[in-house]
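The values are calculated or read from the model by the stated rules, or taken from the named source; none is laboratory data. What you are looking at is a predicted structure, and each value in this text was computed from that prediction instead of being measured. When we count neighbours, we look across all protein chains shown, and the Cβ atoms used for this are built from the backbone with ideal geometry, even at glycine.
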Amino acid sequence: MMLVSRVPSVFKSSSSFKKTSWINLSVKSFSQSHSTHQKASGLTAQFQGFKLPDQTYKVTLIPGDGIGPEISESIKAIYSAAKVPITWEERDVTPILVNGRSTIPQDAIDSIRENTVALKGPLATPIGKGHVSLNLTLRRTFKLFANIRPCRSIVGFKTPYDDVNSVLIRENTEGEYSGIEHEVVDGVVQSIKLITMDASERVARYAFQYARQNNRPHVTAVHKASIMKMSDGMFLQACRQVKEDFPDIKYDEDILDRVCLRIVQNPAPYSDRVMVMPNLYGDILSDMCAGLIGGLGLTPSGNIGRDASIFEAVHGSAPDIAGQGKANPTALLLSSLMMLRHMGLPHYAERIERATLQTIAEGKHITGDLGGKASTKEYTEAILKKL
């Protein structure tokens with residue numbers, strides 16, 4: 001297998017891009033997909049939930065740690081006021097010990113598996129040996145292969161840029177976050193970066209399908225193949241192969257360093273595109289892009305798998321302000337709107353989104369992290385009034 005490390009310069013688009021709703025996660029099946037890619041394309045998630053007798057959908061709610069329960073209550077209040085047809089099934093994911101290892105309680109796993117969709121608040125993972133990341137455990141348990149991070153400027157909310165509208169899609173199961181590391185000898189630790197053709201092709205196909213479904217004409221693969229010639233070279237090879245099935249989508253490649261530099265200088269050229277990348281790069285670049293629009297408190301996120309999808313706030317659990325009524329629920333709320341669109345309930349998502357973005361733009365009832373003085377309850381009530 002020949003791995004090509006040569007990288008073309010980034011394509012600069014001069015076309016304007018109309019701002020749209022946050023995201024449409026459900027990708028349609030494409031009959032033109034080549035048979036050798038059926039395995040990868042079959043893993044793009046469609047909502048598989050079902051209505052209860054009362055005509056509502058059951059969704060697993062994981063409030064999380066720290067400020068998680070407070071912001072989850074805000075979402076529940078807003079959904080109740082908007083009459084969203086959802087029945088929440090709350091589950092605690094506080095780790096339990098099984099055979100000497102910490103893991104997620106089985107009833108939480110069973111709930112997500114049955115409902116096929118979940119909304120998750122922030123989870124805290126202690127730093128140190130023996131503590132397993134619950135976020136990583138959830139991604140592995142449900143094979144959530146793609147992390148979707150839209151970064152869009154909010155009209156009226158002052159930031160250095162007002163034209164950010166990019167979508168980052170991150171491979172979610174391997175790379176440097178494969179969890180394969182060990183101490184070789186005292187003072188020497190080895191960590192393995194795992195890249196496979198199957199996982200790379202799977203996330204690349206999802207990125208192209210997402211771009212087509214959401215009217216984004218351009219996909220950029222972000223990489224470090226100039227240094228990681230075999231691993232990132234394989235990732236690029238997968239992207240190039242998938243590109244052949246999408247002649248209507250522009251495709252190029254760019255090095256991570258250069259993307260970071262250019263996007264903070266001028267994010268406008270990236271506003272028509274989907275950027276797809278391996279795990280670690282996506283973790284870094286998506287948080288950097290969040291800074292362009294006001295921070296992680298305004299950034300939604302979704303983790304997509306074939307059999308289940310989990311939508312979450314990606315900010316921390318903020319234990320220092322937990323229980324003080326200072327928490328900003330926007331990231332979790334916007335993530336829940338991604339969830340509604342994934343479930344085929346866009347009308348409810350659009351209504352709540354309008355009320356939320358108007359409240360932020362007005363600036364009268366926003367939380368301290370956004371430059372205001374409102375409490376969590378006051379901010380939530382301001383949104384409720386606009387509903």
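Against the list (1) surrounded by fewer than 15 Cβ atoms within 10 Å (Cβ to Cβ); (2) of a type in the set (Gly, Ala, Ser); (3) within 20 Å of the chain's Cα centre (by Cα), the condition Gly187 fails is (3).
Looking only at the stretch 340-366, how many residues end up being touching a Pro at 6+ places or on another chain (Cβ under 9 Å) and either surrounded by fewer than 15 Cβ atoms within 10 Å (Cβ to Cβ) or not in a helix (DSSP H, G or I) (or both)? Spell out how you get there, then give the answer.
The first filter runs over the stretch 340-366 and keeps only residues touching a Pro at 6+ places or on another chain (Cβ under 9 Å), leaving 340, 345, 348.
From the residues that got through so far, the ones that are either surrounded by fewer than 15 Cβ atoms within 10 Å (Cβ to Cβ) or not in a helix (DSSP H, G or I) (or both) too are 345.
Summing the residues that are touching a Pro at 6+ places or on another chain (Cβ under 9 Å) and either surrounded by fewer than 15 Cβ atoms within 10 Å (Cβ to Cβ) or not in a helix (DSSP H, G or I) (or both) in the stretch 340-366 gives 1.
Within the stretch 164-181, restricting attention to residues that are at pLDDT 90 or above and more than 19 Å from Leu236 (Cβ to Cβ), which residue is surrounded by the fewest Cβ atoms within 10 Å (Cβ to Cβ)? Break it down stepwise before answering.
Just the residues of the stretch 164-181 that are at pLDDT 90 or above, to begin with: 164-176.
In the following step, the residues that additionally are more than 19 Å from Leu236 (Cβ to Cβ) were identified as 164-167.
Numbers: Val164: 23, Asn165: 20, Ser166: 26, Val167: 25.
The extreme case among them is Asn165.
Gly323 falls short on exactly one of the conditions (1) buried (at least 22 other Cβ atoms within 10 Å of the Cβ); (2) at positive phi, and that condition is (1). Restricting the stretch 237-250 to residues that are surrounded by 21 or more Cβ atoms within 10 Å (Cβ to Cβ) and in contact (Cβ under 8 Å) with a residue 40 or more places away in the chain leaves a set whose member that is nearest to Asp272 (Cα to Cα) is Val242.
Confirm whether Asn328 is in contact with a helix residue (DSSP H, G or I) (Cβ under 9 Å, 6 or more places away or on another chain), touching a residue at least 40 places away in the same chain (Cβ under 8 Å), assigned to a loop (DSSP other than H, G, I, E, B) and crowded, with 20+ Cβ neighbours inside 10 Å.
Details: in contact with a helix residue (DSSP H, G or I) (Cβ under 9 Å, 6 or more places away or on another chain): yes; touching a residue at least 40 places away in the same chain (Cβ under 8 Å): yes; assigned to a loop (DSSP other than H, G, I, E, B): yes; crowded, with 20+ Cβ neighbours inside 10 Å: yes.
Answer is yes for this residue.
Here Ala40 meets each of (1) touching a helix residue (DSSP H, G or I) at 6+ places or on another chain (Cβ under 6 Å); (2) assigned to a loop (DSSP other than H, G, I, E, B); (3) at pLDDT below 75; (4) crowded, with 17+ Cβ neighbours inside 10 Å with one exception, condition (2). Could you please find all residues in the stretch 62-89 being in a strand (DSSP E or B) and surrounded by 22 or more Cβ atoms within 10 Å (Cβ to Cβ)? Scanning the stretch 62-89 gives Ile62, Ile86.
Test Leu357 against the criterion of being closer than 17 Å to Ala290 by Cα and assigned by TED's automatic domain parsing to the domain that holds Ser72, and give yes or no. Steps first, answer last, please.
Details: closer than 17 Å to Ala290 by Cα: yes; assigned by TED's automatic domain parsing to the domain that holds Ser72: yes.
Yes; evaluated as a whole, the condition is true for this residue.
Just so you know, in the stretch 292-313 the residues that are farther than 18 Å from Gly49 by Cα and small (Gly, Ala, Ser) include one that is surrounded by the most Cβ atoms within 10 Å (Cβ to Cβ), and it is Ala313.
Would you check if there is a residue in the stretch 90-102 being part of a helix (DSSP H, G or I), modelled with pLDDT of 85 or more and in contact with a strand residue (DSSP E or B) (Cβ under 9 Å, 6 or more places away or on another chain)? No, the stretch 90-102 contains no residue that is part of a helix (DSSP H, G or I), modelled with pLDDT of 85 or more and in contact with a strand residue (DSSP E or B) (Cβ under 9 Å, 6 or more places away or on another chain). Residue pairs whose Cβ atoms lie under 8 Å apart, separated by 6 or more positions or on different chains, with the first residue in the stretch 176-204 and assigned by TED's automatic domain parsing to the domain that holds Leu138 and of a type in the set (Val, Ile, Thr) and the second loosely packed, with under 13 Cβ neighbours inside 10 Å and modelled with pLDDT of 95 or more, do not occur. Against the definition (closer than 16 Å to Ile148 by Cα and either touching a residue at least 12 places away in the same chain (Cβ under 8 Å) or not in a loop (DSSP other than H, G, I, E, B) (or both)), how does Asp369 come out, yes or no? It is false that Asp369 is closer than 16 Å to Ile148 by Cα and either touching a residue at least 12 places away in the same chain (Cβ under 8 Å) or not in a loop (DSSP other than H, G, I, E, B) (or both).
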